[in-house]
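The values are calculated or read from the model by the stated rules, or taken from the named source; none is laboratory data. Source: prediction; values computed, not measured. No Cβ is skipped: glycine too gets one built from the backbone with ideal geometry, and neighbour counts run over all protein chains shown. The accessibility values were calculated without ligands, DNA or RNA, using every heavy atom of the protein model including side chains. Shrake-Rupley method; radii C 1.70, N 1.55, O 1.52, S 1.80 Å.
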Amino acid sequence: MPTVALKRDELFHHLQRTYTDFEFDELCFEFGVELDEVTSEREEALKSATAKLSKEKIASLSEEVIYKIDVPANRYDLLCMEGLTRALLIFLEKLDAPTYAFTEPEHKETCTVLIDHTSTIRPFVVCAIL
């Protein structure tokens, strides 16, 4: 599963609420993602066997808490702060789910090319530009 690293305070600002680590872990579990690790830049540098940083460099790194969240591979929308917080707010019923409407484009500058020999593998093609 892909992992997204988000600053905790910024995440809570977007969610309009502060959680304890346990509460946020429970929210993630209920939503279907996993809070994999709670860390900081400094902790990561200290744990890393590959990064050899000087004491001055390590001291300059942030101690701001970072949540590392495992998300399902098929949920590309959850790989950024905005996407994850939007999905969580919809899950918590604090935000309405978006509704998308079909419209004809003003300029048909985009086209989808269908190749006959792929029809046995992919008989249907669906495209959308948001």
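Could you tell me which numbered condition GLU109 fails, if it satisfies all but one of (1) surrounded by 15 or more Cβ atoms within 10 Å (Cβ to Cβ); (2) over 21 Å from THR3 (Cβ atoms)?
(1)
Within the range 13-34, is even one residue in a helix (DSSP H, G or I) and in contact with a His (Cβ under 8 Å, 6 or more places away or on another chain)?
No, the range 13-34 has no match at all.
What helices (runs of 4 or more DSSP H) completely inside the range 37-130 contain at least 3 residues that are in contact with a helix residue (DSSP H, G or I) (Cβ under 7 Å, 6 or more places away or on another chain)?
The helices (runs of 4 or more DSSP H) meeting that bar are 41-47, 81-91.
Out of (1) exposed (fewer than 12 other Cβ atoms within 10 Å of the Cβ); (2) under 13 Å from the mean Cα position of the chain (by Cα); (3) not hydroxyl-bearing (Ser, Thr, Tyr), the odd one out for VAL33 is which?
Just one mismatch for VAL33, condition (1).
Starting from residues that are of a type in the set (D, E, K, R) and at pLDDT below 90, keep the ones in the range 50-78 and report whichever is least open to solvent (accessible area, probe 1.4 Å).
Going through the qualifying residues, I end up with GLU64.
Kindly indicate whether TYR100 is aromatic (Phe, Trp, Tyr), within 25 Å of THR3 (Cα to Cα) and either modelled with pLDDT of 95 or more or open to solvent by 50 Å² or more (accessible area, probe 1.4 Å) (or both).
no
Pairs only if they're at least six apart or on different chains, beta carbon under 6 angstrom, first in the range 95-115 and farther than 17 Å from VAL125 by Cβ, second at pLDDT 80 or above and surrounded by 10 or more Cβ atoms within 10 Å (Cβ to Cβ); list them, first residue then second.
Every condition considered, the pairs that remain are LEU95/LEU89; ALA97/ILE90.
Mind checking which residues of the range 7-24 are buried (at least 17 other Cβ atoms within 10 Å of the Cβ) and either modelled with pLDDT under 95 or of a type outside the set (A, V, I, L, M, F, W, C) (or both)?
ARG8
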